Amino acid sequence: MKQDRSIRETYQLNVQLLTPVHIGCGKNYVQDIDYIKSGQKVSVFDQNKLFAEVAALGETAVNEFTAAVEEQQVHSFLREKKINLNSITLYSFSWSTENRLARMPRDIRRYIRDGLGRPLIPGSSLKGLFRSAILSRLNEENKNREVKKLVEKIKVSSQSKKRSDLNPKYAADPVLHALLGKDAKYNLMRSLTVSDCVLPSNAVQVDEAYVTSLETGATRFKRKKWSMLIEQVRPGECAIGQISFDRFLQEQAQGKAVFNFQTTLNRDWLVQALRQRTSRFLDAERKFLHDKNGDGVKQLQQFYNQLQRQIEQLKDNEAIAQFAWGSGWQGMTGALLAPDDLTRDVRTALQLAKHRLNFPFPKSRRLSGGDEAAKPIGWVKLSFISSENNDPPQEEDPTATVRKSLEKMNIIQNWDQLKRAASDLNKENNEKEDAVAKAFKEAALRVKANYPDKWTPERDSQVKAWLAPAGLTWTDSTTADPVEEEPSGSPNRITEAAFKDYGDWLNRHQDFQINELNQAEATALLTLFKDWNLDNNKSWRKTPAKKEWWQEVRKRIQQLKKTG
């Protein structure tokens, strides 16, 4: 007998980090209270373990510890009481003044965690991202009418001596009420539910974040003299959650004025809204930066070019977007206003850098990392994976198991995920499925590239054992990958370009899309990268961008091998 459709349309939500992500909890780690610096090593305390160690020494020690905190002598106290620093450390990281400010910032902005101490991407943060995308698309379909009304109201208010009727903090409310609904009980967003996405406990690292801003003349960016330390989830990590759309509510709301829903939310509609919002942002940002120079500009341009290539390869159920800390004013409802709307009187009324009206708004960008390794913050790839209750039951699809396995392989980013996938591989007897085995090998190569310092010969052996039933080989870390030669006479743009050095490549790489190189070109570029020391861990630690170039050209060579 045919079952009824679920009242909710539910999907697995995969969030893959393309750049560092920071979502604060409103608290900071403070030096000599929450962490100490010894030489070039910084140790962040596990407060529960620290207090337990101190309490075990007795009341006198507790009083001495309190005095040590006040006098910023915690490190001396630990040495005196012979408390093992490693036993009370949550994590540690290195800090060198090389290529950084002379003094280390005193606070570390903490990343949000759940009650068990695990970092997470809150559902509320993702829902805020979706809300902004929904508003942007509804505004476009509404032909910008509500925003135009708002702009006219702001202009009238700015010319009035009495401006108490306009609160900049709530200025966008008329647009939100018109497009989404005024009452929370009848708001369109009520039909959308997003769960928290928990991350691995070791996914968080500390890095430097800073602001680069336009100088006088509005063509050159200059880094601010101060910087921040933030806990951030590193690129490559992946979190899994759930998103659902309330079918029943939306069906019942049809034709009822009290709801006044402007659309019916579903996965395809939301994915399109996210894509349109990102596309508009990229177009505007690349146009804005094309004649700019200075600190961080080249890195932003390179990232946006790379991002555009990734967007062109997205599947139907995927989108790329920026959210959370670092996305700035444009990442919120401010994106509803076009640059032409931001006239001097509008900016003055909304208090948008009203003392810098000669500059475009916004004139600053937040970046993470230093120098050539700098990246924008908050970019993620979102995948909405079908759940079995989205559609009426159908006859069993014999390829369903394979598709599910492939979906699991596509989101693997670390060793723990790879091991779990290997367990599924054996359990589901997928070694008979050539596509799944190949996808598993690709996932292993991705993990190896993501964490080269942690890759060991033991891991090579383990992967070999997993791949053996499928007849697939695995190359050890100490063995160079065989590269097939391109037939003589084939064009080689890389050789003809005669790059002088790595800097010359950075200046001219826009003319060479790596995913379009032929075998000879990719091999020639790999050789150049080796000559420029893009193939070693020491170079990667100093300039992470080199690691990305190395991984990208290696990936291209692997693709060419498969296609023959």
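Values quoted throughout were computed directly from the atomic coordinates according to the rules given, and no laboratory measurement underlies them. Remember, predicted model here, so these are calculated numbers, not experimental data. Counting neighbours? That spans all protein chains shown, and the Cβs are built from the backbone with ideal geometry, glycine included.
Based on the alpha-carbon gyration tensor of segment 246-367 and its eigenvalue square roots a ≥ b ≥ c, which shape applies: rounded if a/c is under 1.5, prolate if not and a/b is larger than b/c, or oblate?
Oblate, because a/c is 1.5 or more while a/b does not exceed b/c.
So what are segment 32-103's ellipsoid semi-axes, whole angstrom, largest first, if each one is the square root of 5 times an eigenvalue of the alpha-carbon gyration tensor?
The equivalent ellipsoid of segment 32-103 has semi-axes of 24, 13, 9 Å.
Given a cut-off of 19 Å, what percent of all Cα-Cα pairs of segment 1-67 lie beyond it?
So the portion of pairs separated by more than 19 Å is 65 percent.
Asp32 to Ser201: extension gain in nm, 0.36 nm per residue of separation minus the Cα-Cα distance?
Gain on extension, Asp32 to Ser201, equals 58.5 nm.
When 1/r is averaged over all different Cα pairs and the result inverted, which Kirkwood radius in Å belongs to the chain?
Hydrodynamic radius (Kirkwood, Cα only) of the chain equals 26.9 Å.
Debye sum, Cα scatterers, segment 295-391, no solvent: what log₁₀ I/I(0) at q = 0.12, 0.16, 0.18, 0.24 1/Å?
-0.56, -0.87, -1.00, -1.27
Mind listing which trypsin sites (Lys or Arg not before Pro) in segment 1-79 are in a DSSP loop and have 11 or fewer other Cβ atoms within 10 Å?
Lys2
How high is the FRET efficiency from Arg106 to Thr193, r the C-beta distance, R0 35 Å, rounded to 0.05?
So the FRET efficiency works out to roughly 0.30.
Compute the Cα gyration tensor for segment 132-242, then decide on rounded, prolate or oblate, letting a ≥ b ≥ c be the square roots of its eigenvalues: rounded whenever a/c is under 1.5, prolate when a/b is larger than b/c in the other cases, and oblate in all that remain.
It comes out oblate by the Cα gyration axes.
Taking every Cα atom in segment 9-161, find the radius of gyration and the maximum pairwise distance Dmax, and write them in Å.
Expressed in Å, the Cα Rg and Dmax of segment 9-161 come to 24.2, 71.
Explain nothing, just the number: dipole magnitude of segment 32-103 about its Cα centre with +1 on each Lys and Arg Cβ and -1 on each Asp and Glu Cβ, in debye rounded to the nearest 20.
360 debye
Specify which residue in the list Ser195, Tyr11, Val258 is farthest towards the positive end of the charge dipole of the chain, using unit charges on the beta carbon of Lys, Arg (+1) and Asp, Glu (-1), about the Cα centre.
Val258
Which of the trypsin sites (Lys or Arg not before Pro) across segment 176-273 are loop residues per DSSP, with 10 or fewer other Cβ within 10 Å?
Here the sparse-neighbourhood loop sites are Lys256.
Counting Lys and Arg as +1 and Asp and Glu as -1, each charge on the Cβ, what is the dipole of the chain about the Cα centre in debye, to the nearest 20?
Result for the chain is approximately 2120 debye, rounded to the nearest 20.
Tell me, what is the FRET efficiency for Gln313 and Asp46 to the nearest 0.05, using R0 = 56 angstrom and their Cβ-Cβ distance as r?
Using R0 = 56 Å, I get an efficiency of 0.85.
Counting Lys and Arg as +1 and Asp and Glu as -1, what is the net charge of the other residues whose Cβ lies under 11 Å from the Cβ of Ala321?
Residues near Ala321 contribute +2 overall.
Can you tally the net charge around Thr216? Count Lys and Arg as +1, Asp and Glu as -1, for every other residue whose Cβ sits under 12 Å from the Cβ of Thr216.
+3
7 Å from Cα along Cα→Cβ at both Ser87 and Glu141: what's the point-to-point distance in nm?
Placing both labels 7 Å beyond Cα along the Cβ direction yields 6.2 nm.
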